[in-house]
Structures are given as C-alpha cells and as structure tokens.
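Working notes, beginning with the structure itself.
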Amino acid sequence: MSDMRLVVVGASGRMGLTLARIIAATEGVTLAGAVEREGSPLLGRDVGELAGLGPNGVKISDDPLPLFAAADGVVDFTVPGATTVFAELAAQARIVHVIGTTGLSEADEAAIAAAARHARIVKSGNMSLGVNLLAQLVKQAARALGPEFDIEIVEMHHNRKVDAPSGTALLLGEAAAAGRGINLSNHAERGRDGLTGPREPGAIGFAALRGGTVVGDHSVIMAGPYERIELGHRAEDRSIFARGALKAALWARDQKPGLYSMVDVLGL
Ligand SMILES: NC(=O)C1=CN([C@@H]2O[C@H](COP(=O)(O)OP(=O)(O)OC[C@H]3O[C@@H](n4cnc5c(N)ncnc54)[C@H](O)[C@@H]3O)[C@@H](O)[C@H]2O)C=CC1
Ligand SMILES: O=C(O)C1=N[C@H](C(=O)O)C[C@H](O)C1
C-alpha cells in the first residue's frame, strides 16, 4: 500500500513540530502539507527546517482546502475553534481526522460527532499507549474499590498550557466514573477554594498545577479508610503523543466513517 499522505495542522506548535520529526522517522506515512493560523509569522517557511530536519519542501500554508483535497488524513493538535472547522473540512474531503486538541466544549464535541458521519475521526485527550492503559487500570480499580474510596485526579503541565483540567485528567475521570457506574458530569469537583465544606461523598476531584516545561504528569489517588492507592503516568517526551497519533491515522484509514478513540485503535 502507498504511504498515507498526512497534513499537519498547527504545524509550528509544540506538537506540530514534533509530528514533523516523527513522520519523517516513521514508515508508511508522508508529510503532505503543513497548516498554520492566518497571520502566523511562519507562513511560507519550510516546516522541515523549523523542525530541525533540514528543508523538506513542505511550506507552511494558511489554506487547508487544497491540501486536504490531496491528502489521506489530517493530524490536529491545535485549538477547539480550529479543530471544529477542520473536522467539517475533513468530512467534506472524506479523509481521516486525528484530533488531539483538548479543552473542547459540549458544542465542539457535538460538531465533531456530526462531522464523523462522513470523516473517520479518532479523538483522544491523550494519544499515548501508557495513559490509555492507565485508564483501563483506573476503571478496574474504581470498580473494585467502590464509593468508600475518594478519587482525586492531580495533573501538572508546562506553563504554556491554556486549558484545565487537562484532557487526560478528564479521560481518567471518565474511566473512574465508568468503573463506578456513575456520570462524571454529575460528580466532578473542579477547583476548591475557601470554605468548601466537607468533601461530597462519591465526588471525583480534579486539581491542576502549571509550571516550567513539564510535558504531562497525571496521578489518580484513591483514598480510603487508612489506606491509599495511587496510579500514575509521567510523559517524558511529546514523541509518545505523536507516535500514538500516527498509529491512529494508519488504523483509521481502513475504518468506516465514525468517531473512534485510542481504546479502539490500541484494542484495549
Ligand atoms: N491528545 C494528546 O495526546 C495531546 C494533546 N495536546 C493538545 O494539543 C493542543 C496543542 O498543544 P501544543 O502543540 O502544546 O500547543 P501549541 O500552542 O504549541 O500549538 C498549537 C498550534 O495551533 C496553531 N493554530 C491555532 N489556530 C489555528 C488555525 N486556525 N489553523 C491552524 N493552526 C492553528 C497555533 O498557531 C499553534 O502553532 C492542546 O489542546 C493540547 O492540550 C497536546 C499534547 C498531547
Ligand atoms: O497541553 C499539553 O501539553 C498536553 N495536553 C494533553 C492534555 O490536556 O491532557 C495531553 C498531554 O498531557 C499534554
């Protein structure tokens, strides 16, 4: 089979440049285009050069349409307002859309689900194997321990991150809620301050720390009477997310239109 031609959107971002490097080192995929926001000072620049690979002839553009029309898939780690537009364009082009963007609202999620009627979309708050395996362990532990154990999710990220809690923290919260057979949106406690009163029984708590260059640390603490379990993951390099995203793109190439997760891709 010929190489899968991928367009990277958000190409000069932290994940965009990591993807350019990992695509160059991965068999079966080719970088077919690079897109940035209108007005970016990097429009027209060679993305290989920006990624430290040496020139590869792929210039950063602000016009996704012709690039999507000639591609097999798009890999998207951008911002929610851009991702919903790219989902619609990927649906029109009938191509694969891998979405890593976090901080999506309910309306954004609905727009993505609508686009998945025609596009093959894989979306996850974390594309790494380790975190998706951790989510399965969290689900199992939450089910086994029951509501007597209080669940708190703590995450730390670099000081440029703009959304909280992280997409990963929410994914882990969903896993804990599924294990308990409850709906996360009715039980999440996000951000405590002041005279909060005692902890709500059955709540799933979230705390977000920001600082320095931390790639992504997550801990799920299950605190019961006189004992505590902690399950965690430390991301050491963004390449783990990029590799997961490429695995997702190659997997989705053979699927029907629909909205998939990394659990589907990894068969967990
Ligand atoms: N699911 C996962 O495994 C991971 C998800 N992320 C998420 O990916 C997103 C991006 O993260 P970073 O790369 O660290 O951020 P970043 O800020 O370094 O990169 C985002 C890029 O998107 C570009 N962009 C914004 N609007 C655009 C538009 N309309 N068209 C094209 N490009 C546009 C920005 O100019 C920027 O270069 C965040 O939501 C983050 O939480 C990050 C790492 C892993
Ligand atoms: O913004 C980031 O950097 C990351 N975002 C994702 C998230 O919100 O969980 C994944 C990873 O933790 C890095």
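The values are calculated or read from the model by the stated rules, or taken from the named source; none is laboratory data. Everything quoted here is computed from the prediction, not taken from an experiment. All Cβ positions, even for glycine, are placed from backbone atoms using ideal geometry, and neighbour counts span all protein chains on display. Surface accessibility is based on the protein's heavy atoms, side chains included, excluding ligands, DNA and RNA. Shrake-Rupley method; radii C 1.70, N 1.55, O 1.52, S 1.80 Å.
Worth a mention:
- Quotient of C-alpha Rg and 2.2 N^0.38 Å, computed over the stretch 171-244: 1.31
- Options 159, 122, 142, ranked by Cα towards positive dipole end of the stretch 119-161, top entry (Cβ charges): 122
- Counted charge near residue 174, where neighbours are those whose Cβ lies closer than 12 Å (Asp, Glu -1; Lys, Arg +1): +2
- Using the Stokes-Einstein relation with a Kirkwood hydrodynamic radius computed over Cα pairs, the translational diffusion coefficient of the stretch 118-268 at 4 °C and a viscosity of 1.567 mPa s comes to 79 µm²/s.
- Sparse packing (at most 16 other Cβ atoms within 10 Å of the Cβ) combined with a DSSP loop state is found for the following GluC sites (Glu not before Pro) in the stretch 25-89: 27, 38.
- Simple spin-label estimate for residue 5 and residue 199 gives 5.4 nm between the two label positions (7 Å along the Cα-to-Cβ direction from each Cα).
- Helix-only mean residue ellipticity at 222 nm for the chain, each DSSP H run of n ≥ 4 adding -39500 (n - 2.57), per residue, nearest 500: -11000 deg cm²/dmol
- For the stretch 168-257, GluC sites (Glu not before Pro) are listed when DSSP marks them as loop and at most 11 other Cβ atoms sit within 10 Å of their Cβ; the list is 236.
- Estimated dipole of the stretch 146-264 in Debye, rounded to 20 [Cβ of Lys and Arg +1, of Asp and Glu -1, Cα centre]: 500 debye
- What the chain shows is 48 Å² of accessible area per residue, with the surface traced by a 1.4 Å probe over protein heavy atoms.
- Principal axes of the stretch 16-74: Cα extent on each, largest first, Å: 31, 25, 16
- Over all other residues within a Cβ to Cβ distance under 13 Å of residue 81, the charged ones net out to -4, with Lys and Arg as +1 and Asp and Glu as -1.
- Computed log₁₀ I(q)/I(0) - Debye formula, equal Cα scatterers, no solvent, the stretch 32-127, q 0.23 Å⁻¹: -1.19
- In loop segments of the stretch 177-268 as defined by DSSP, the chymotrypsin sites (Phe, Trp or Tyr not before Pro) with at most 10 further C-beta atoms inside 10 Å of their C-beta are 226.
- Gap separating the Cα centres of the stretch 114-141 and the stretch 19-94, nearest whole Å: 22 Å
- Full-stretch length increase - residue 183, residue 234 - with 0.36 nm per residue and alpha-carbon distance subtracted: 15.7 nm
- Note on the chain: Cα-Cα pairs beyond 29 Å make up 33% of the total pair count.
- Kirkwood-type hydrodynamic radius, the stretch 90-178: 14.8 Å, calculated from all non-identical alpha-carbon pairs.
- Of all lysines in the structure, the ones whose alpha carbon falls short of 27 Å from that of residue 161, not counting any fewer than 8 places away in one chain, are 59, 123, 139, 247.
- Cut-off 12 Å between beta-carbons: net charge of the residues surrounding residue 240, Lys and Arg +1, Asp and Glu -1: +2
- Within the accessible area of the stretch 67-179 (1.4 Å probe), percent carbon and sulfur: 55 percent
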